[in-house]
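Single-structure report; data block below.
The values are calculated or read from the model by the stated rules, or taken from the named source; none is laboratory data. Keep in mind the model is a prediction, meaning the values are calculated, not measured. When we count neighbours, we look across all protein chains shown, and the Cβ atoms used for this are built from the backbone with ideal geometry, even at glycine. The protein model used for the area step is the full one, side chains on, heavy atoms only, and it has no ligands, DNA or RNA in it. Shrake-Rupley method; radii C 1.70, N 1.55, O 1.52, S 1.80 Å.
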Amino acid sequence: MISEQEYKVIEYLADGQFHSGAEIGKKLQITRSAIWKIIQLLHCKGIFIERVHGKGYRIPNGVHLYSSERIFYYLPLEQRLLIDNLVIHTSIDSTNNYVLKKVKEGAKRGLVCLAEEQTAGRGRCQRHWVSPFAKNIYLSLLWSFHQGPSALTGLTLVIGIAIVKALLERGLTGLTIKWPNDIYSQDKKLAGVLTEMFIDDLGVCHAVIGVGINVDMPADGTHFIDKPFVDCTSILGSRPNKNQITATVLKELLLILPLFEQQGWNFFREIWHTYDCLYGCEVTLITGQRVVIGIAKGVDKNGGLMLEQSGIVEVFNAGEVSVRKITR
Ligand code: BTN
């Protein structure tokens, strides 16, 4: 976990230039030896800071940190107005946990939480979401629905479309969706979505939409990830602007959510099929104790995955379902 003081040192060195210990110490109002200790601690936490005698310290290639000003700068006014509050955390257990806690305290739709690091990032099916400091996007958005739970049918799939659109806009290529909403490129996972619900005493359904995007995943520390993954930097050939990607993702989410409220899932079903990477493929689906092998046939009117086995099509709904494409 990165402390506030450690964050300040990183912020000062974010430009990738050399800064002397005296200069950083003066700015942060701490001694040079305190700076040295912080730099050693950061090293232990996987943040490499180079020290060159006579020049000072630097983070090679710098680091991209969130800036609410930059995000709002890139966000069109119409979507900016839909954000009730944008909170940026240096380190948090999980941005979804934060928004879930806030919604129970009465937070309004349009609350956005971003974090530079998650210490207990959560993925679908109780998996851990690896969330190293300042490398990727960890974002949660609160959106509340007043029409009852049935209005949320297909929501999680629609979110996948919004993320694909945003990433295409930022120049990423070869994007597909693996049901229900894993974003793939080059057959490797680029982004994931965890949507969680909370229904309040008045029957209002609050959706906490959690999005994790691999922007610049470091090669080390990722041995916990059990599936092939890819990041934006390797697809684009250079590290992209994290604030701009974040703004584009927010823009697309805030465009699609009001449209989804008006039109419902069926309006998006055909669009979703254009990104479906499983269609016609043989897949293994694990749901509880059951393991099913079948041919993926797209999604139904409720967003369930249709699987054909011996000419019979069965529909499986999102939730605790895990699907893998069989490659022979
Ligand atoms: C998955 O593909 O398994 C879903 C991953 C979702 C990760 C994001 S990161 C931001 C938000 N906070 C979390 O703890 N999880 C989601």
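Note on the stretch 1-133: semi-axes of the ellipsoid equivalent to its C-alpha gyration tensor, largest first and rounded to whole Å, are 32, 18, 13. For the stretch 54-157, the solvent-accessible area works out to 45 Å² per residue, with a probe of 1.4 Å and every protein chain left in place.
Could you work out the helix-only [θ] at 222 nm for the chain, with each DSSP H run of four or more residues adding -39,500 (n - 2.57) and the total divided by the number of residues, to the nearest 500 deg cm²/dmol? Present the calculation step by step, with values, prior to reporting the outcome.
Working: 10 runs with 104 residues, N = 328.
Helix contribution divided over all residues of the chain: -9500 deg cm²/dmol.
Between Leu28 and His146, what is the label-point separation in nm under the 7 Å Cα-to-beta-carbon projection? In this crude spin-label approximation the distance works out to 4.8 nm. The radius of gyration of the Cα set in the stretch 187-242, together with its Dmax, comes out at 16.0, 49 angstrom.
The Stokes-Einstein estimate for the stretch 251-328, based on a Kirkwood radius over Cα pairs and taken at 4 °C with 1.567 mPa s viscosity, is a diffusion coefficient of 95 µm²/s. Roughly speaking, to the nearest percent, how much of the chain's 1.4 Å accessible area is carbon and sulfur? So the carbon and sulfur contribution to the accessible surface is 51 percent. Multiplying the residue separation of Leu41 and Asp201 by 0.36 nm and removing their Cα-Cα distance gives an extension gain of 53.0 nm.
Looking at the chain from every direction and averaging, what is the projected area of its Cα convex hull in nm²?
Details: hull surface 74.3 nm².
Average projection, Cα convex hull of the chain: 18.6 nm².
Our summary gives the stretch 18-73 a relative contact order of 33 percent, counting only alpha carbon pairs under 8 angstrom and 6 or more residues apart.
Each label point was placed 7 Å from the Cα along the Cα-to-Cβ direction; for Arg324 and Thr119 their separation is 3.3 nm. The string of couplings for the stretch 148-153 from the Karplus curve (6.51, -1.76, 1.60, θ = phi - 60°) is x, x, 5, 5, 8, 4 Hz, one whole number per residue in order, with x for Gly and Pro. What the stretch 263-328 shows is 56 Å² of accessible area per residue, with the surface traced by a 1.4 Å probe over protein heavy atoms.
At q = 0.11, 0.15, 0.18 Å⁻¹, what base-10 log of I(q)/I(0) does the Debye formula yield for the stretch 81-158 when every alpha carbon is treated as an equal point scatterer in vacuo? Debye curve over Cα of the stretch 81-158, log10 I(q)/I(0) at q = 0.11, 0.15, 0.18 Å⁻¹: -0.32, -0.58, -0.81. Accessible surface for the stretch 178-258, divided over its residues, is 37 Å² per residue with a 1.4 Å probe.
Calculate the tail of P(r) for the stretch 174-303: the fraction of all Cα-Cα distances greater than 19 Å, expressed in %. Walk me through the numbers on the way to the answer.
Details: 5189 of 8385 pairs.
Above the 19 Å cut-off, the stretch 174-303 has 62 percent of its Cα pairs.
Toward the positive end of the charge dipole of the stretch 30-164, with +1 on the Cβ of Lys and Arg and -1 on the Cβ of Asp and Glu, the farthest Cα among Ile161, Leu41, Val112 is that of Leu41. Charged side chains reduced to their Cβ positions (Lys and Arg at +1, Asp and Glu at -1) give the chain a dipole of some 700 debye around its Cα centre. Two tests apply to each whole DSSP H helix in the chain, Cα reach of 20 Å or more along its axis and mean Kyte-Doolittle hydropathy of at least 1.6, and the ones passing both are 155-169.
Principal axis analysis of the Cα atoms in the stretch 59-191 yields extents of 49, 34, 31 Å, listed in decreasing size.
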